[in-house]
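Student: Before I ask anything, let me first share the structure, which is written out below as structure tokens.
The values are calculated or read from the model by the stated rules, or taken from the named source; none is laboratory data. Quick caveat, the model's predicted, so the values are computed rather than measured. Don't worry about glycine lacking a Cβ; one is built from the backbone with ideal geometry, like all the others, and counts go over all protein chains shown.
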Amino acid sequence: MSDDKLRAVQIGCGDRAPAHIAAMLDCGAIDLVALCDRNEEKRRKLGEHFGITRLYHDLKEMIQTEQPELVTIVTRPEVRLPLIEQAVEAGASSLLIEKPIALTPSESRRLLELGRDRLIAVNTQYQWMRHWQHFWQLLANGELGQVRLLRASTRTNILEQGPHILDLALKAAAISGLPAPEWVLAACDGQEHFGAMSVPADTSATIGLGEARLHLNAGPSAPEVPGETVIWYQQQVEVIGDEGRLWVSLNQGWKLWREGKYEGGETAWPKNDGEAQQALFVELRDTLHSDGERWRSFPTCVEVAARNSEVLFGCYASALSEKRFIFDGGWSEAVMAKINHFVHSGKTPR
């Protein structure tokens, strides 16, 4: 064990947990000391597989005993918020949680409150992929010129993979100098379930970013990624400027046009994902071991994630009200009630 490693514990030993743990152990920046899950068999099997011997049933006992610098929570979203609250109450100083961060706007608000004096980071790890790290610099240098159009799509529902593509698209917009989302006009159709909660099966939205627009499409109406046969990999983000264009898929490569020239490269799942997950953990370690309040500007801090979450729920609000939803207008009680009714009753936005 290196003194430079970040002391961490994990809550949740389900299906997503092994990949999460493998990235922590392989990145060289994390010392994972304990696991917690209410299911004895799950935590025992996972502990044996990774050689982790300190296993807990109670998360408060684990946090108070182990005194971690980072608590990772790898659970389904419908049970996550109470676990975060319990972890904070037990003394957790920093947390990493999965997406989507919330199933309603009120949950997102609550996370913002909990994150005022501690880092709550979200595991939207794709922005750490090597090709995206290159593209962030390209956009910061203004190599596409003035960006006025972005497109982001996934053929899964908006809560399944929407947080990933929206995280990438809005980061690209911000780096390109565009303002935060001001409004959204959306239409939704059909109904699926995300855990126990209802979610639109198909969503098409236009998001206002000053004079620029972001077109978001999630569900069966989204365009297919050429050559892709796996629905979970049907993700693509496009950034169009007056001097160039960038197209990036999850698993079928990237393409860049600028100054009359074309270049392209590979993207590969799960290789890129594993590398990105490790890079996220390294940056977490460096951030939390730095002086001052550098943690407040962590790329996927809850303030950024909550803004992105508002855009997703803004799609719900626009579809339910059949008009543009203005973000500066806030969340009225009437809008909140409509969204809560849809989420809990299964009513489909029209």
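Student: Quick one: Ala92 ticks every box in (1) in contact (Cβ under 8 Å) with a residue 60 or more places away in the chain; (2) under 18 Å from Cys301 (Cβ atoms); (3) surrounded by 23 or more Cβ atoms within 10 Å (Cβ to Cβ) except a single one, so which number is it?
Tutor: All conditions are met except number (1).
Student: Now for a different question. Look through Gly260, Gly292, Gly264, Gly274 and report the one residue that is farther than 19 Å from Ile97 by Cβ and touching a Lys or Arg at 6+ places or on another chain (Cβ under 8 Å).
Tutor: The unique qualifying residue is Gly264.
Student: What pairs come up if the first residue lies in segment 228-246 and is within 16 Å of Glu143 (Cβ to Cβ), the second is aromatic (Phe, Trp, Tyr) and outside any strand (DSSP E or B), and their beta carbons are under 7 Å apart, counting only those six or more places apart or on different chains?
Tutor: Listed pairs, sorted by first residue: Leu246/Phe135.
Student: Please go through segment 50-60 and give me each residue that is surrounded by fewer than 13 Cβ atoms within 10 Å (Cβ to Cβ) and on the phi < 0 side of the Ramachandran plot, ordered by number.
Tutor: Result: Thr53, His57.
Student: Also, quick follow-up: Testing Glu275 on (1) assigned to a strand (DSSP E or B); (2) surrounded by 13 or more Cβ atoms within 10 Å (Cβ to Cβ); (3) among the charged types (D, E, K, R), one condition comes back false. Which one is that?
Tutor: Going through (1) assigned to a strand (DSSP E or B); (2) surrounded by 13 or more Cβ atoms within 10 Å (Cβ to Cβ); (3) among the charged types (D, E, K, R) one by one, Glu275 breaks only (1).
Student: Residues in segment 205-220 that are surrounded by 20 or more Cβ atoms within 10 Å (Cβ to Cβ), in contact with an Asp or Glu (Cβ under 9 Å, 6 or more places away or on another chain) and small (Gly, Ala, Ser): how many?
Tutor: Adding up the residues that qualify gives 2.
Student: How many of the residues in segment 7-44 are surrounded by fewer than 18 Cβ atoms within 10 Å (Cβ to Cβ) and either touching a Cys at 6+ places or on another chain (Cβ under 6 Å) or within 19 Å of Pro77 (Cα to Cα) (or both)?
Tutor: Final tally of qualifying residues: 8.
Student: A further question on this structure: Looking at Val225 and the list (1) among the hydrophobic types (A, V, I, L, M, F, W, C); (2) in a loop (DSSP other than H, G, I, E, B); (3) surrounded by fewer than 20 Cβ atoms within 10 Å (Cβ to Cβ), which single condition is not satisfied?
Tutor: Among (1) among the hydrophobic types (A, V, I, L, M, F, W, C); (2) in a loop (DSSP other than H, G, I, E, B); (3) surrounded by fewer than 20 Cβ atoms within 10 Å (Cβ to Cβ), Val225 violates only (3).
Student: Across segment 26-41, what is the number of residues that are farther than 23 Å from Arg80 by Cα and either part of a helix (DSSP H, G or I) or not assigned by TED's automatic domain parsing to the domain that holds Ile73 (or both)?
Tutor: Number satisfying all stated conditions: 2.
Student: Could you grab me the full set of residues in segment 249-284 that are of a type in the set (D, E, K, R) and within 17 Å of Gln127 (Cβ to Cβ)?
Tutor: Lys271, Asp273, Glu275, Glu283 - these are the residues of segment 249-284 that are of a type in the set (D, E, K, R) and within 17 Å of Gln127 (Cβ to Cβ).
Student: Examine segment 175-184 for a residue that is out of contact with any strand residue (DSSP E or B) (no Cβ under 6 Å at 6 or more places or on another chain) and among the charged types (D, E, K, R), and state whether such a residue exists.
Tutor: no
Student: Go through (1) surrounded by fewer than 19 Cβ atoms within 10 Å (Cβ to Cβ); (2) acidic (Asp, Glu); (3) closer than 30 Å to Val343 by Cβ and name the single condition Asp4 misses.
Tutor: (3)
Student: Check Ala186, Ala174, Ala169 and return the single one that is at pLDDT 95 or above, over 23 Å from Trp132 (Cα atoms) and not in a loop (DSSP other than H, G, I, E, B). Give the derivation first.
Tutor: Details: Ala174 fails: over 23 Å from Trp132 (Cα atoms); Ala169 fails: over 23 Å from Trp132 (Cα atoms).
Residue meeting the stated conditions: Ala186.
Student: Of the residues that make up segment 247-269, is at least one outside any strand (DSSP E or B), free of Cβ contacts under 8 Å to residues at least 24 places away in the same chain, over 29 Å from Glu143 (Cβ atoms) and not basic (Lys, Arg)? If you could, list the steps in order and put the result at the bottom.
Tutor: Step one: list which residues in segment 247-269 are outside any strand (DSSP E or B), which gives 250-253, 259-260, 266-269.
When the remaining residues are screened for being free of Cβ contacts under 8 Å to residues at least 24 places away in the same chain, the result is 253, 259-260, 266, 268.
Going one step further and asking which of them are over 29 Å from Glu143 (Cβ atoms), we end up with none.
No: segment 247-269 contains no residue that is outside any strand (DSSP E or B), free of Cβ contacts under 8 Å to residues at least 24 places away in the same chain, over 29 Å from Glu143 (Cβ atoms) and not basic (Lys, Arg).
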